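The values are calculated or read from the model by the stated rules, or taken from the named source; none is laboratory data. Bear in mind the structure is a predicted one, so any value in this text is a computation, not a measurement. Counting neighbours? That spans all protein chains shown, and the Cβs are built from the backbone with ideal geometry, glycine included. SASA here: full protein model, heavy atoms, side chains in, ligands and nucleic acids out. Shrake-Rupley method; radii C 1.70, N 1.55, O 1.52, S 1.80 Å.
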Amino acid sequence: MRGGDSIPMLTLADLREELRGAASVLITTHLNPDGDALGSAGALALFLRARGTQARVLVDWPIPENLHFLRDGAGIEEYDPAQHDALFGSADLLVAVDMNAPSRMGRIADVAASAGIRILVIDHHLDPRPFADGYCLRSDACATAEILFDLIEAEEGLTPAIAEALYTGILTDTGSFRFERTTSRVFRIAAELLDAGVQPQDVYRRIYDEYPMRRTRLVGRVLAGIRSLADGRATLLAVTKEDLDATDGLIEDVENIVNYGLSIRGVLATALVTEMPGGVKVSFRSRGDVSIQPLAQRFGGGGHRYAAGATLDGADVADIIDRVRRGLQELFDGQ
């Protein structure tokens, strides 16, 4: 129940009934949205519209340039209070995808709470916060897009545009099919999406092969300052406002830089500390026998065993860098 301590769980069948009973649905996702966030939101919107439901996707963050094809294909809108606040009073549902804490919605959380709109969550992360009216959660899924695939495919709702959005979510959240949750089933899903019209080379090119020069400059600057910790078993990277200003970089350019820290021989854990407007974001990654989730929880965040993160409002970047450095070192103390 919203505002309580329980997590009211929904099966896929429950979720289908909730969506069938709604004439108008708003969809949102987390701040600084990635491919799974926008792919899942876009796929759900396209699916609902095809069934005659009014569906709009609102995100309280600029859409990254490399994901504009999802924005354009699914009609994803950047939230504007003047244009969109009135929608919350008339819509039947707000569906939040790929996130499970109200703070990750940005300003949309307060507007939704004031309107009293019914909120559902569709997500694959651990440790949900009890704020919504229903949760369709599968922490075993490789991406939220996998959950949406099961919802849409069962109703024979796949179209080329929906398949492309879902494929984007799965491609990005599996690290191009190399992370832990890349199961044989994930490849079977990918095959079905290709059969539905996805052109994998086009999707990959748009996401990974058309970065602006400013990002390349930012990556070079960040990698030049990488720190090796715990006798080479951990690394720490940082992106400060100074780094962004020096390269004309944007926050969206930071996406995936954390993975460079884990691509070094012998490294089992890494973290990327990013100075954000109004706070600091920390992205954690690990592999082997090292679970990074407990370290993320120490900073008020969460996620998965090998991929987790935290956002600290109002924090000082230098202080967080030092705390993360000590936390990474402590992972290996005594080993």
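Worth pointing out:
The rows are residues; the columns are (1) within 19 Å of the chain's Cα centre (by Cα); (2) under 22 Å from Asp72 (Cβ atoms); (3) aromatic (Phe, Trp, Tyr).
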| residue | (1), (2), (3) |
| --- | --- |
| Leu137 | yes, no, no |
| Ala154 | no, no, no |
| Pro160 | no, yes, no |
| Ala163 | yes, yes, no |
| Gly169 | yes, yes, no |
| Phe179 | yes, no, yes |
| Leu193 | no, yes, no |
| Gly197 | no, yes, no |
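- Only residues that are under 17 Å from Ala230 (Cβ atoms), open to solvent by 10 Å² or more (accessible area, probe 1.4 Å) and either under 17 Å from the mean Cα position of the chain (by Cα) or not polar (S, T, N, Q) (or both) were counted in segment 261-297, giving 11.
- Test: residue in segment 143-152 that is assigned to a loop (DSSP other than H, G, I, E, B), at pLDDT 95 or above and crowded, with 24+ Cβ neighbours inside 10 Å: yes
This table checks each residue for (1) at pLDDT below 95; (2) of a type in the set (Ser, Thr, Tyr); (3) outside any loop (DSSP other than H, G, I, E, B); (4) surrounded by 13 or more Cβ atoms within 10 Å (Cβ to Cβ).
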residue: Glu164; (1), (2), (3), (4): no, no, yes, yes
residue: Tyr167; (1), (2), (3), (4): no, yes, yes, yes
residue: Ile170; (1), (2), (3), (4): no, no, yes, yes
residue: Val198; (1), (2), (3), (4): no, no, no, yes
residue: Val203; (1), (2), (3), (4): no, no, yes, yes
residue: Arg221; (1), (2), (3), (4): no, no, yes, yes
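- Residues of segment 242-251 that are open to solvent by less than 30 Å² (accessible area, probe 1.4 Å) and closer than 25 Å to Gln329 by Cβ: Asp243 alone.
- Scanning segment 172-196 for residues that are in contact with a Phe, Trp or Tyr (Cβ under 8 Å, 6 or more places away or on another chain) and buried (at least 17 other Cβ atoms within 10 Å of the Cβ) yields Asp173, Phe179, Val186, Ile189, Ala190, Leu193.
- Criterion (touching a Leu at 6+ places or on another chain (Cβ under 6 Å), within 19 Å of Leu31 (Cα to Cα) and open to solvent by less than 20 Å² (accessible area, probe 1.4 Å)) met by exactly one of Val258, Val254, Val239: Val258
- Among residues of segment 14-39 that are on the phi > 0 side of the Ramachandran plot, those with a Cβ under 6 angstrom from a residue that is surrounded by fewer than 24 Cβ atoms within 10 Å (Cβ to Cβ), sequence gap 6+ or separate chain, pair up as Asn32/Trp61.
- Residue match in segment 124-142 (condition: more than 20 Å from Gly197 (Cβ to Cβ), open to solvent by less than 30 Å² (accessible area, probe 1.4 Å), outside any strand (DSSP E or B) and touching a residue at least 60 places away in the same chain (Cβ under 8 Å)): yes
- Count of residues meeting criterion [under 23 Å from the mean Cα position of the chain (by Cα), assigned to a helix (DSSP H, G or I) and closer than 20 Å to Gly261 by Cα] in segment 298-327: 4
- Once segment 20-41 is narrowed to residues that are open to solvent by 20 Å² or more (accessible area, probe 1.4 Å) and of a type in the set (A, V, I, L, M), the residue that is nearest to the chain's Cα centre (by Cα) is Leu31.
- Matching residues, segment 5-29, being among the small types (Gly, Ala, Ser) and assigned to a loop (DSSP other than H, G, I, E, B): Ser6, Gly21, Ala22, Ala23
Residues are listed down the side, and each one gets a yes or a no for (1) touching a helix residue (DSSP H, G or I) at 6+ places or on another chain (Cβ under 7 Å); (2) within 30 Å of Glu255 (Cα to Cα); (3) among the aliphatic types (A, V, I, L, M):
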{"site": "Leu12", "(1), (2), (3)": "yes, no, yes"}
{"site": "Ser24", "(1), (2), (3)": "yes, no, no"}
{"site": "His30", "(1), (2), (3)": "yes, yes, no"}
{"site": "Val59", "(1), (2), (3)": "no, yes, yes"}
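- Tabulated pairs, segment 175-190, first free of Cβ contacts under 8 Å to residues at least 40 places away in the same chain, second in a helix (DSSP H, G or I) and small (Gly, Ala, Ser), C-beta under 8 angstrom, 6+ apart or interchain: Phe177/Ala190
- Filter pass, Leu44 being open to solvent by less than 10 Å² (accessible area, probe 1.4 Å) and in contact with a strand residue (DSSP E or B) (Cβ under 6 Å, 6 or more places away or on another chain): yes
- The one condition from (1) more than 19 Å from the chain's Cα centre (by Cα); (2) at pLDDT below 95; (3) not small (Gly, Ala, Ser) that Asp110 does not meet is (2).
- The sole residue among Gly249, Gly288, Gly266 that is out of contact with any helix residue (DSSP H, G or I) (no Cβ under 9 Å at 6 or more places or on another chain) and assigned to a loop (DSSP other than H, G, I, E, B) is Gly288.
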